[in-house]
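Here is the structure we will look at, set down as C-alpha cells.
Here, each number is a calculation from the coordinates, and none is a lab measurement. None of the values given here were measured: they were computed from a predicted structure. Cβ atoms come from the backbone with ideal geometry, glycine included; neighbour counts cover every protein chain shown.
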Amino acid sequence: MKIGVFDSGLGGLVILRALIRMLPQYDYVYFGDTLHMPYGEKSPSAITKYTQESVGFLFRQNCALVIIACNTASATALKHLQQQYLPKNYPDRRILGVVVPTLEAVVSQQKKGVIGILATNATVRSKAYPRELRKLSLKDSIIQIAASELVPIIESNNRPAMNQLIRNYARKFRDFKTKTVVLACTHFPVIVKSLKRQIASGTTVLSQEEIIPKKLAEYIRRHPELEAQLSRKGRKEFFITKRMPRYKKIAKSWFGGTISLKTARP
Ligand code: DGL
C-alpha cells in the first residue's frame, strides 16, 4: 500500500519532495485539488467536503496513510475526518495532519518568546494552532497573521507584490516580539529566504518541509503494523483536479523535476 499526500494545490509538492528525500523507498500518490483552490478563503463546511472527497480518492488509490499537507484542510477538516469519516469508512487506514507535528517541533526547540503563525485566513479563523498549542505547552504564547492574499501572488510569481507583503508581515512579527515564525501554508516555503532576510535577527523561521518528514519517519517507526503494509518500489503518481497551463512549470520548480500530472475527479 502507498502513502498519500494531499494539498489544495501544488504547494504540497514541496512537502512530498522532502518526504521522498528522507523516505525514498515508499510509494507515494499526490493529490492536489486545483479545481477548488484556494481553500484559505472557503467556509469550514466547503473545506471539509473537498478534503473528505480528496482523501477518499487517495484511499481508493490504495493508500494506507494520507498526510494532509494543506494547513487549511488540517486545521479545519482533520478532526471530523479522524473521528467520523475514518471509523465509518476506512477504520484500518490513517490520516495525519500538519498542525500538531509542526507545533511539537516548535515547542521542542524550547525557545522563549512569542510564536508567530503565518497562514491562510481559514487556518487563522479555525484557531487550530492556538488550540493545539495550549494542549502542548501552557507557557508559550502565539500570534497569528492571516495571509491568504499571498497565495495568488506566489502562484503568479509577482515578486514586487510578494516583497511588499513580506516586509509588512516581518514588521508585524517584529512588533509582537516574535521569536519563532512558522510558515503554516504549503505555498509559503517560497518566501522563506526573503522573510528570513527581513525579520529580526534571533528569530527562527520554520518551514514545514523541514519538520514533516522527520515526524512521518518517527510515526512509521512507532507503527510497525503500518510499516509492514507499505509497498517499497519508490513509485510516484500525481493527480490534480484541474489542469492549467502554468501548472507544469510550477510543479517543476516546486517538485524539482518534470512530473506527469494526471487529471482526476474524486
Ligand atoms: N494549501 C493551503 C494551505 O496550506 C494554501 C492554499 C489555499 O488557500 O488553498 O493552507
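Given only helices, namely DSSP H runs of n ≥ 4 each adding -39500 (n - 2.57), what is the per-residue ellipticity at 222 nm of the chain, to the nearest 500 deg cm²/dmol? Numbers along the way, then the final one.
Numbers: 13 runs with 123 residues, N = 266.
Calculated at 222 nm, the ellipticity per residue is -13500 deg cm²/dmol.
Among residues other than ARG246 whose Cβ falls under 11 Å from its Cβ, what is the net charge (Lys/Arg +1, Asp/Glu -1)? Present the calculation step by step, with values, prior to reporting the outcome.
Numbers: positive: ARG243, LYS248, LYS249, LYS252; negative: GLU155.
Once all neighbours under 11 Å are counted, the net charge is +3.
Cut-off is 10 Å between beta-carbons; in what order do LYS179, LYS139, LYS112, LYS242 appear when sorted fewest neighbours first? Before the final figure, lay out each step's value.
On the way: LYS179 18, LYS139 6, LYS112 9, LYS242 14.
Exposure proxy ranking, most exposed first: LYS139, LYS112, LYS242, LYS179.
Computed log10 I(q)/I(0) for segment 180-266 at 0.11, 0.14, 0.24 Å⁻¹: -0.51, -0.79, -1.15, from the Debye equation with unit scatterers placed on every C-alpha and solvent omitted. Karplus-derived 3J(HN,Hα) values for segment 124-132, using 6.51 cos²θ - 1.76 cosθ + 1.60 with θ = phi - 60°, are 4, 4, 5, 6, 4, 4, x, 5, 6 Hz; glycine and proline are entered as x. Taking the Cβ of MET162 as the center, what net charge do the other residues with Cβ under 13 Å away carry, scoring Lys and Arg +1 and Asp and Glu -1? Net local charge, MET162 excluded: +2. Inter-label distance, SER141 to GLU210: 2.5 nm, where each label sits 7 Å from its Cα along the C-beta direction. Partner aspartates and glutamates whose Cα lies under 17 Å from the Cα of LYS79, excluding those fewer than 8 positions away in the same chain, are identified as ASP7, GLU53, ASP92, GLU132.
Panel order for LEU81, LEU183, by other beta carbons found within 10 Å of each beta carbon, from fewest to most: LEU81, LEU183. Electrostatic bookkeeping for HIS80 treats Lys and Arg as +1 and Asp and Glu as -1; over the other residues with beta carbon under 14 Å from its beta carbon, the sum is +2. Across the chain, the relative contact order, built from alpha-carbon pairs under 8 Å that are at least six residues apart, equals 27 percent. Roughly how many whole Å is it from the C-alpha centroid of segment 80-150 to that of segment 247-266? For segment 80-150 versus segment 247-266, the Cα centre distance is 27 Å. Counting only alpha carbon atoms, the long axis of helix 71-80 and the longest principal axis of the chain meet at about 50°. Taking the fewest neighbouring Cβ atoms within 10 Å as the starting point, the ordered list for ASP33, ASP140, ASP7, ASP92 is ASP92, ASP140, ASP33, ASP7.
Shown here for segment 129-238: GluC sites (Glu not before Pro) in loop regions (DSSP other than H, G, I, E, B) with at most 16 other Cβ atoms within 10 Å, namely GLU149.
Pairs exceeding 27 Å between alpha-carbon atoms, taken from LYS179/LYS252; LYS111/LYS193; LYS127/LYS215; LYS112/LYS252: LYS179/LYS252; LYS112/LYS252.
Computed from phi, the 3J(HN,Hα) profile of segment 63-69 under the Karplus parametrisation 6.51, -1.76, 1.60 (θ = phi - 60°) reads 8, 7, 9, 10, 9, 8, 6 Hz, with x in place of Gly and Pro.
Database remark: amide H of TYR26 closer than 5 angstrom to the amide H of GLY234 (H placed geometrically; neighbours at sequence offset of 5 or more, or on other chains; Pro and chain starts carry no H). Distant-in-sequence amide contacts of VAL66, defined by a placed amide H-H separation under 5 Å and a gap of 5 or more residues or a different chain, comprise GLY4, ARG94, ILE95, LEU96.
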